[in-house]
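A short worksheet on the structure shown next.
The values are calculated or read from the model by the stated rules, or taken from the named source; none is laboratory data. Note that the structure is predicted; figures quoted are calculated from it, not measured. Reconstructed Cβ throughout: ideal geometry from the backbone, glycine too, with neighbour counts over all protein chains shown. Remember, those area values only see protein heavy atoms, side chains included, never the ligands or the DNA or RNA. Shrake-Rupley method; radii C 1.70, N 1.55, O 1.52, S 1.80 Å.
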Amino acid sequence: MREARAEDAEALTRIGQDSFIGAFGHLYAPDDLDAFLSAHRSLARARDDIADPDVRICLAEHPQTGALAGYCLIRLGQQFDERPAPKPQRPVLLGQLYCLPGSTGAGIGAALLEWAIDQARAWGADAVQLSVYSENFGAQRFYRRYGFQHVADIDYWVGNHRDDEFLYELRI
């Protein structure tokens, strides 16, 4: 595992798009999916995120090949507006945690989540927030194992398609 560097932007874009499409692509019309990927998983967005001092990105590399197997992106000082009171004073938003198909179950997601929580603690955060698709039961179980709790129902937009999502939070 290592922090993302400027030269990782293309690989980060590919894994971000491939992971999202692999997990959720079947849910959306092509135009909605394309709009989402252009706005949130583009090369320009990856470059901006890598350069942003309030964004941390950890890459997980395959031990034998060195190929990317997953990544985690957190945003320091950001939170979901939909969070009911009491809102955290120093939140961290876990914006993305993806493992490529075929890499799940190998402990990569757990290592990335532990990295995110460690980063939040080191920064002095009082909470880590994330959204999880309402029908992604495996991810919900995964986050609950780490102490995350469902604190609100939120809308998540992929193009013009609205998903029911859950806001999960871990107080630290």
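Can you tell me the relative contact order of segment 48-172? Whole percent, Cα pairs under 8 Å, sequence separation 6 or more.
It rounds to 21 percent for segment 48-172.
Between HIS150 and HIS62, what FRET efficiency comes out of the Förster formula 1/(1 + (r/R0)^6) with R0 = 35 Å and r the beta carbon distance, rounded to 0.05?
0.60
State log₁₀ I(q)/I(0) for segment 30-113 at q = 0.13, 0.21, 0.23 Å⁻¹ as given by the Debye formula over alpha-carbon point scatterers of equal weight, solvent excluded.
-0.54, -1.12, -1.17
If you roll a 1.4 Å probe over the heavy atoms of the protein chains, what accessible area per residue do you get for the chain, in Å²?
Here the per-residue accessible area is 51 Å².
May I ask you to compute the full-extension gain from TYR133 to LEU43, defined as 0.36 nm times their residue separation minus their alpha-carbon distance, rounded to one decimal in nm?
30.0 nm
Given only helices, namely DSSP H runs of n ≥ 4 each adding -39500 (n - 2.57), what is the per-residue ellipticity at 222 nm of the chain, to the nearest 500 deg cm²/dmol?
That comes out to -11000 deg cm²/dmol.
Taking just the alpha carbons, could you work out the radius of gyration and Dmax for segment 62-149, both in angstroms?
Cα-based Rg and Dmax for segment 62-149 come out at 13.8, 46 Å.
Per the 1.4 Å probe, what fraction of the accessible area of the chain, in percent, lies on carbon and sulfur atoms?
Its accessible area is 48 percent carbon and sulfur atoms.
Starting from the Cα of ASP164, step 7 Å along the direction of its Cβ; do the same at ALA6; then give the gap between the two resulting points in nm.
Rounded to a tenth, the inter-label distance reads 4.6 nm.
Taking 0.36 nm per intervening residue step and subtracting the Cα-Cα distance, what contour gain separates GLU114 from ILE172 on full extension?
Once the chain is fully extended between GLU114 and ILE172, it gains 19.6 nm.
Please compute P(r) over all alpha-carbon pairs of the chain, binned at 10 Å starting from zero, and give each bin as a whole-number percent.
Each 10 Å bin holds this share of Cα pairs: 10, 38, 41, 11, 0.
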